[in-house]
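Below is one structure, written out as structure tokens; comments come after it.
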Amino acid sequence: MKRLIAFAAAALAVPAAFSAPAAYANSHCNYGGGYAIPTGATISGTFFGLPPGSTVPVQPGTYVPFLPAGSTVERINLIVVTPTGFSTIPLPVTQLTTFGVAFSVAHGGNPLQLTCGSPDSANFKAIADALDMDFDFDVDGDSDTIGGAITAWDMANENGQRFDLKYAKGLQLSEGSRTRLVLTGAARYLTASDSPGGIGGMHGDLSALSISLGAGVQVPVQKDWWLTPRVGYTATSASRGIGGDSEIMAATLSSNVRFGGLGRGEFTMGNLVGYTQTIRTGITRQDSNNYVKTQNFWFRNGLAYQVPLGGRMFGRQTSLRTSYVFTLGTKDTMAFEQVHEAAISFGFRMRETEQRTGSDLLRVGLLYTHAKNEYFKDADYDSLTLTVGYRF
């Protein structure tokens, strides 16, 4: 992966006293999150034993500021090219002009901020959870679904893992009715590995725990067409370097349509329109000074194709399912507004009797996700996820 900050490999490590990441908690996602130093920039002053008034080149790139311990003035770890090699200056951003360093503010805030639309963010996950691309069109009665996922992600010179656990309960609202109430819960734990030169500087490990709750009503319009209005709420406890504590609510309307008679398999289409907004109820430890109201509209559309396999795997009836989903976020600026997801999975019947419903189905798969960073040139998001789910 290309790196966000074009630091030289020989750059010195940042002293521990300057290692605290900037507190971007719930700032606007178009906050001035970095300082872009152009090619050919220089710095003038007395550094590293050079004669007074010396002018030396500066390593070009996008520098993300940090707050030194006990200070209120942000600094950047400026890479300076000296006659003997590369050296680092923890320079206050207020002195860039003083020392003649050419720069511009690079907007985009902290790309890891968990309200800025990355595929790991609370607002994106609230939208992703609301559109079920493995929808059960032949449901009959109540159902339960449990699932888990392990994700390895990479963005610029940041990487980490995410662990997901999900549960959904479908309740038939009345005898003979196919309309169902679906209640969902999810827990997610995200880690950003210790990464010198990363988003917050030499930040140490960062982590976040999110708990989400949702409620929706699945309404059959026709046999192969269902609509689902849904509301959701997510509370996140996170390190300040990736946004700090936050709360988000979501309201969505999704549609699932099935097209049969296409060979041995069937196509399904999922579409969603949704709205998310950061809120502050006091449930988390979010300070009022760190709360910024962020509102976004979302459009999520996908296609899936499922076909039964002729043979058996592990002695069970098996199906193959592939899907592609595109998500677009709009209104308030986000670091990631376009997300692509491609998945492949195998479904295994856990009973030998012939069934038309999706119950008693174990599904195992892989999901690849790519998201374009709207502000930092070389900081697109990529991840690979192992998924498993069981509906009974």
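The values are calculated or read from the model by the stated rules, or taken from the named source; none is laboratory data. Note that the structure is a prediction, hence the values are computed from the model and not measured. As a convention, Cβ positions derive from the backbone with ideal geometry for all residues, glycine included, and neighbour counts pool all protein chains shown. Just the protein is used for accessible areas: all its heavy atoms, side chains included, with ligands, DNA and RNA removed. Shrake-Rupley method; radii C 1.70, N 1.55, O 1.52, S 1.80 Å.
Results, tabulated for the structure shown:
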{"quantity": "Label-point separation, residue 264 to residue 73 (7 Å along Cα→Cβ), nm", "calculated": "7.2"}
{"quantity": "Projected label distance in nm at residue 382 and residue 224, using a 7 Å step from Cα toward the beta-carbon", "calculated": "3.7"}
{"quantity": "Theoretical gain in end-to-end length, residue 292 to residue 84 [0.36 nm per residue, Cα-Cα removed]", "calculated": "70.3 nm"}
{"quantity": "Residue 206 accessible area, 1.4 Å probe, all protein chains in place, Å² to nearest 10", "calculated": "10"}
{"quantity": "Label point distance in nm, residue 205-residue 163, each placed 7 Å from Cα along Cα→Cβ", "calculated": "1.1"}
{"quantity": "Difference of contour (0.36 nm per residue) and Cα-Cα distance, residue 370 to residue 102", "calculated": "93.2 nm"}
{"quantity": "Links that overshoot a 31 Å alpha carbon limit, given the list 166/372; 125/223; 166/331; 223/293", "calculated": "223/293"}
{"quantity": "Probe 1.4 Å, all protein chains present, accessible-area order of 269, 155, largest first", "calculated": "269, 155"}
